[in-house]
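Enquirer: Structure provided below as structure tokens; questions to follow.
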RNA sequence: GGCUCGUUGGUCAAGGGGUCAAGACGCUGCCCUCUCACGGCAGAAUCACGGGUUCGAUUCCCGUACGAGCUGCCA
């Protein structure tokens, strides 16, 4: 059996869409599972849409996610160039297109945009239409230019009239292809439009370049989104016209938003970069999208890239579209943060912490306090603001039913303990704990009755990461004492 | 509109002619606990509908409904 070769063929139009990332992931996994080759090819055939710097984003994303390609523009091997505009310059596509013209499987088309417009027929009635969907244009080229004689074609060519080259599809019979996920699919040839192979600017269309390059680069498995399922029969015709062997097709189910619509740029989490900016971890993103439309036979959910390579089998990719569930991604990200080794965690958490805290206190300790409490790094900020500055708060939070606390007994605890903290020479966590524990023991009260008032007094919040000891240690003696004094004052005023 | 595809809890999903229809997220409750979180335990919640085939259909077939994708000199 031939060695598997898959390819990731993005067009450099901006950030990496998660749908594309998942396709890249599956392509990588399919290749690596079998020890095959993963190729990167840049499809920059649309000069209009090309965005500067987008190629760098592609490189960076693949590197950051660990989807390392074996061949590509930066890793030339035997099948280069790996950039379609460079291949176009070499005349590769036009050469193959002409071959098709020779065999009668393609033809020159000189139709103007205006003529093409008149071909569009409207379906539905504007007045009756509920939405634009109900009023759609349908187009199918009428093979007008196929009737041109060879002389006419040459004449137009010599005159420099702009032209495209179109595929000549049969109008009768049907075309069948096999997809590994969706099975056999047949379409009537009458449905097949004579799609454009070479655009009037000389560039190939995506569809044509794809077929030519995949063949030339010996790609064995074509993995792509389900949105290409409908155009695949036209690919089949192309392979047939060339007499080339068709690759194995693996069409992946769509990824949708909560509204079950194809994930769009507007969704806010549609690109890898968006997700990173929102505090997600690369590994978690990869893990999560791997599970969108696929699951391993052992039912494992948390998987490293290596485990994915081991477990991945495209035979059990799903057909149904999958909703991108932000809530589950958040959970998974939290799992990765909890498991993360300390050094890397601190490194990633620190920028967030420094945005909130300017004081010279133990930031690392704060970081460790929130490690099991966050799902994304962005979550840190709102949790730790009280370390920087005591928030405005209402004394009603001293009252807690389960802790059996209220303003009166909280005041008592604070007044009893304040002098002890003031006296405390070595103000560290274990000493603070000892003071409080001793006091609780002497008074014969529950832990909660002693600790709730203190934690509340030094934080001004009902919920905090960490308990009284940790917070007091971090903010230090002076600040602790000041905050307790302030709370005592508030309590006195209200009683 | 046409073509193509899809439909197991709210979401991701396993399964597949006879099951109490896995698991995970989320949700609810309990335990742990100085709060929140972590961790542990428990619970509610699913085979779109209608016909077949069959002793038996969530599973196979056909329709219907609903949803989605495509219908570009975009990819």
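Readers should treat all values here as calculations from the given coordinates under stated rules, not as data from a laboratory. Keep in mind it's a predicted model, so treat the numbers as computed, not measured. Please note: Cβ atoms are built from the backbone with ideal geometry, for glycine as well, and neighbour counts cover all protein chains shown.
Enquirer: Using only Cα atoms and rounding to the nearest 10 degrees, what angle (0 to 90) does helix A:92-102 make with the longest principal axis of chain A?
Expert: 40 degrees
Enquirer: So what is the 222 nm mean residue ellipticity for chain A from helices alone, if each DSSP H run of at least 4 adds -39500 (n - 2.57) and you divide by all residues, rounding to the nearest 500 deg cm²/dmol? Don't jump to the answer; show the numbers that get you there.
Expert: Working: 19 runs with 225 residues, N = 495.
The per-residue figure over chain A is -14000 deg cm²/dmol.
Enquirer: May I ask you to give the average projected area over all directions of the convex hull of the Cα atoms of chain A, in nm² rounded to one decimal?
Expert: Working: hull surface 132.8 nm².
Quarter of the Cα hull surface area: 33.2 nm².
Enquirer: Averaging over all projection directions, find the projected area of the Cα convex hull of the stretch A:289-446 and quote it in nm² with one decimal place. Write out the running numbers ahead of the final one.
Expert: Details: hull surface 59.3 nm².
Its average projected convex-hull area is 14.8 nm².
Enquirer: Then there's this: Over the stretch A:277-414, what relative contact order in percent results from Cα pairs under 8 Å that are six or more residues apart?
Expert: Details: 116 pairs, mean separation 32.6, N = 138.
Relative contact order, the stretch A:277-414: 24 percent.
Enquirer: Where in the stretch A:9-39 is the amide nitrogen less than 16 Å from a point lying 7 Å along the Cα-to-Cβ axis of residue A:78?
Expert: Counting only backbone N, you get A:36-39.
Enquirer: Continuing with the same structure: Relative to the longest principal Cα axis of chain A, at what angle does helix A:232-242 sit, 0 to 90 degrees, rounded to 10?
Expert: 40 degrees
Enquirer: Normalise the Debye intensity by I(0) for the stretch A:352-392, one equal point scatterer per Cα, no solvent, then take log10 at q = 0.14, 0.23, 0.29, 0.34 Å⁻¹ and round to two decimals.
Expert: Calculated log10 I(q)/I(0) at the listed q: -0.27, -0.72, -1.10, -1.36.
Enquirer: Sticking with this one: Between residue A:240 and residue A:401, what is 0.36 nm times their sequence separation minus the Cα-Cα distance? Round to one decimal in nm.
Expert: Net length gain for the segment: 50.2 nm.
Enquirer: Same structure again: Relative to the compact-globule scaling 2.2 N^0.38 Å, provide the ratio for the alpha-carbon radius of gyration of the stretch A:220-353.
Expert: Working it through for the stretch A:220-353, the quotient is 1.28.
Enquirer: If we count other beta carbons within 10 Å of each Cβ, what is the order of A:469, A:28, fewest first?
Expert: A:469, A:28
Enquirer: Could I ask something else about it? Considering only DSSP beta bridges whose two residues both sit in chain A, what percent are antiparallel, to the nearest 5? Walk me through the numbers on the way to the answer.
Expert: Values: 21 of 36 bridges.
Bridges in chain A that DSSP calls antiparallel: roughly 60 percent.
Enquirer: By counting other Cβ atoms within 10 Å of each Cβ, how are A:111, A:145 ranked from fewest to most?
Expert: A:111, A:145
Enquirer: Helix A:150-159 against the longest principal axis of chain A: what's the angle in degrees, Cα atoms only, rounded to the nearest 10?
Expert: Around 60 degrees separate the two axes.
Enquirer: What is the distance, in nm, between label points placed 7 Å from the Cα along the Cα-to-Cβ direction at residue A:64 and at residue A:447?
Expert: Result: 4.1 nm between the two label points.
Enquirer: Now a separate question. For the stretch A:366-420, just the Cα set please: Rg and Dmax, both in angstrom.
Expert: Calculated on Cα positions, Rg and Dmax stand at 15.1, 40 Å.
Enquirer: For A:40, A:418, A:216, A:62, what ranking results if the residue with the fewest other Cβ atoms within 10 Å of its Cβ goes first?
Expert: In increasing order of surrounding Cβ atoms, one gets A:216, A:418, A:62, A:40.
Enquirer: I'd like the distance separating the alpha-carbon centroids of the stretch A:352-397 and the stretch A:1-45, in whole Å.
Expert: Using only Cα atoms to place each centre, the spacing works out to 41 Å.
Enquirer: Here's another thing I want to ask about it. Any idea how far apart residue A:174 and residue A:313 come out in nm if each label point goes 7 Å out from Cα toward Cβ?
Expert: 3.1 nm
Enquirer: Starting at 0 and stepping by 5 Å, how many percent of the alpha carbon pairs of the stretch A:204-243 end up in each bin?
Expert: In order of increasing distance, the bins hold 6, 20, 35, 30, 8, 0 percent.
Enquirer: Sequence gap at least 6, Cα distance under 8 Å: using those rules, report the relative contact order of chain A to the nearest whole percent.
Expert: 12 percent
Enquirer: What spacing in nm lies between the two simple spin-label points modelled at residue A:385 and residue A:423, each 7 Å away from Cα in the Cβ direction?
Expert: 3.8 nm
Enquirer: Still on this structure, I have one more. Given the stretch A:283-377, what whole percent of its Cα pairs are spread farther than 24 Å?
Expert: Every Cα pair in the stretch A:283-377 considered, those over 24 Å come to 35 percent.
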